[in-house]
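Shown next, in structure tokens, is the structure this report addresses.
The values are calculated or read from the model by the stated rules, or taken from the named source; none is laboratory data. Keep in mind the model is a prediction, meaning the values are calculated, not measured. Ideal geometry is used to build each Cβ from the backbone, glycine not excepted, and the neighbour counts take in all protein chains shown. Surface accessibility is based on the protein's heavy atoms, side chains included, excluding ligands, DNA and RNA. Shrake-Rupley method; radii C 1.70, N 1.55, O 1.52, S 1.80 Å.
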Amino acid sequence: MADGREILSSIVASQVAIHRKYGGVVPELASREHLRQIVPVVREALGEAKLALADVDAVAVTQGPGLVGSLLVGVTYGKVLAASLGKPLVAVNHLEGHVHAVLLEAPIAKREQPAMPAVCLIVSGGHTVLYDVQAAPVNGALRFRYARIGQTRDDAAGEAYDKVAKLLGLGYPGGPVIDQLAADGNAEAVRFTPPVTKGNPLDFSFSGIKTAVLRYVRAHAEMNEETVAREAALQRGERKAAQLRPLCSQLTLDLVASFQRSVVSDLVARTLAAAEERDARSVLVSGGVAANSELRQTFDEEAGARGLPVFFPSRALSTDNAAMIAAAAYPRLLAGERASVEMNAEANFPLA
Ligand code: KG4
Ligand code: ZN
């Protein structure tokens with residue numbers, strides 16, 4: 001990254017192929033893969049940016065939250081890299097990275113930076129959380145302050161997508177395939193009861209809908225055969241929505257469309273309620289599920305109707321990437337923040 005704003009190169013080593021057969025991330029395999037990939041990825045990123053290590057002014061690394069084994073690989077490598085180059089090391093919260101993914105996108109999309117205060121929804125396979133974001137200029141760069149105002153009580157939204165996909169034989173990760181299949185289903189066909197979260201009305205819950213889908217499938221034994229057929233297709237490597245689509249009955253398409261409608265309505269409703277409560281001037285949406293077409297469209301329509309601008313990262317910047325970590329590090333670097341040699345990976349590292 002140049003000046004915390006311009007992406008010189010962005011290299012992402014996906015581990016999807018490795019975790020797919022388990023239907024989710026296996027922590028030990030993830031950290032082993034990080035260890036294998038980290039040096040080649042850094043080399044490739046420098047190569048594409050046409051830079052040498054000596055040209056780098058600072059190193060940013062994710063301190064947490066996340067799987068501790070994977071975080072440790074990054075933290076150890078970051079520390080050693082910074083120390084051997086004699087360059088500053090800045091520790092970054094992964095969730096702050098997701099916020100910055102949205103800010104990175106604005107100039108690329110030729111839009112003004114989102115007006116603050118903002119409400120930010122981070123929605124991925126591991127997180128579903130709402131932040132109030134405030135900004136104030138410090139040393140010529142904006143410093144951001146976060147307050148957590150809502151979060152999931154159980155599953156993350158992306159996790160619900162992945163579990164429903166697994167149940168229906170739609171492969172891993174479930175989000176992209178369900179997103180495409182839902183377009184051919186009737187989203188009003190199956191009624192799911194909206195989650196009741198006692199206490200904070202800005203909290204989410206997605207375990208109920210996952211169980212409701214399971215109950216629906218159990219009550220419709222005629223769905224078994226097609227699920228088995230799709231599992232066989234996945235085994236043959238036929239994972240694309242277009243390949244699975246002919247193996248889906250209308251019942252299945254309606255079910256995934258209704259599931260998606262329910263999740264999207266809930267995410268949008270609580271986020272817009274938060275924006276209203278906080279007098280937010282913009283809404284930011286980030287994380288893997290922010291790639292979802294219906295989520296984007298519904299936010300555009302409903303926030304648009306209230307005159308509230310909504311900002312999404314591109315699909316590439318929605319999912320985990322290193323550019324967003326460098327972007328989040330930049331204001332901290334300018335403010336003189338340095339990670340000490342004792343800095344450690346934090347599996348549960350709260351942003352606020
Ligand atoms: O942010 P991310 O790449 O990784 C973390 O979980 O941190 O998010 C991955 C999650 C997965 O659960 C995946 O199913 C979901 O994002 N996802 C989607 C879509 N693309 C990815 N969910 C719904 N619709 C999509 N188009
Ligand atoms: Zn993430």
- Message: I'd like the full set of residues that are open to solvent by 30 Å² or more (accessible area, probe 1.4 Å) and either within 16 Å of ligand 2 (Cβ to nearest atom) or in contact with a His (Cβ under 9 Å, 6 or more places away or on another chain) (or both), limited to region 245-287.
- Response: LEU251
- Query: Picking from GLY171, GLY140, which residue would you name as being on the phi > 0 side of the Ramachandran plot, of a type in the set (Gly, Ala, Ser), open to solvent by 10 Å² or more (accessible area, probe 1.4 Å) and at pLDDT below 95?
  - Reply: GLY140
- Do you know which residues across region 112-155 are under 17 Å from the mean Cα position of the chain (by Cα), in a loop (DSSP other than H, G, I, E, B) and more than 14 Å from ligand 2 (Cβ to nearest atom)? ASP154, ASP155
- Task: Of the numbered conditions (1) open to solvent by less than 50 Å² (accessible area, probe 1.4 Å); (2) part of a helix (DSSP H, G or I); (3) within 16 Å of ligand 1 (Cβ to nearest atom), LEU351 fails exactly one; give the number of that condition.
- Result: (2)
- Scan region 7-26 and give yes if some residue there is under 24 Å from SER340 (Cα atoms), free of Cβ contacts under 8 Å to residues at least 24 places away in the same chain and open to solvent by less than 50 Å² (accessible area, probe 1.4 Å), otherwise no. no
- Among GLY336, GLY304, the single one that is among the small types (Gly, Ala, Ser) and outside any helix (DSSP H, G or I) is GLY336
- Query: Can you tell me which residues in region 115-136 are open to solvent by less than 10 Å² (accessible area, probe 1.4 Å) and within 22 Å of ASP3 (Cβ to Cβ)?
  - Reply: ALA118, VAL133
- With respect to ASP266, determine if the residue is in a helix (DSSP H, G or I), touching a residue at least 40 places away in the same chain (Cβ under 8 Å) and away from ligand 1 (no atom under 13 Å from the Cβ). yes
- Enumeration of residues in region 78-111 that are assigned to a helix (DSSP H, G or I), crowded, with 19+ Cβ neighbours inside 10 Å and away from ligand 2 (no atom under 16 Å from the Cβ): GLY78, LYS79, ALA82
- Tell me, which residue of region 296-322 that is within 16 Å of ligand 2 (Cβ to nearest atom) and either free of Cβ contacts under 8 Å to residues at least 60 places away in the same chain or closer than 18 Å to GLN134 by Cα (or both) is most open to solvent (accessible area, probe 1.4 Å)? ARG315
- Query: How about region 199-233: which of its residues are within 25 Å of the chain's Cα centre (by Cα) and open to solvent by 40 Å² or more (accessible area, probe 1.4 Å)?
  - Reply: ASN200, PRO201, GLY208, LYS210, THR211, LEU214
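Rundown of residues vs (1) within 16 Å of ligand 1 (Cβ to nearest atom); (2) out of contact with any helix residue (DSSP H, G or I) (no Cβ under 9 Å at 6 or more places or on another chain); (3) touching a residue at least 60 places away in the same chain (Cβ under 8 Å), yes/no style:
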| residue | (1), (2), (3) |
| --- | --- |
| VAL99 | yes, no, yes |
| GLN134 | no, yes, no |
| ASN139 | no, no, yes |
| LEU142 | no, no, yes |
| ARG153 | no, no, no |
- If we keep only residues of region 156-167 that are open to solvent by 40 Å² or more (accessible area, probe 1.4 Å) and away from ligand 2 (no atom under 16 Å from the Cβ), then the residue farthest from GLU96 (Cα to Cα) is LEU167
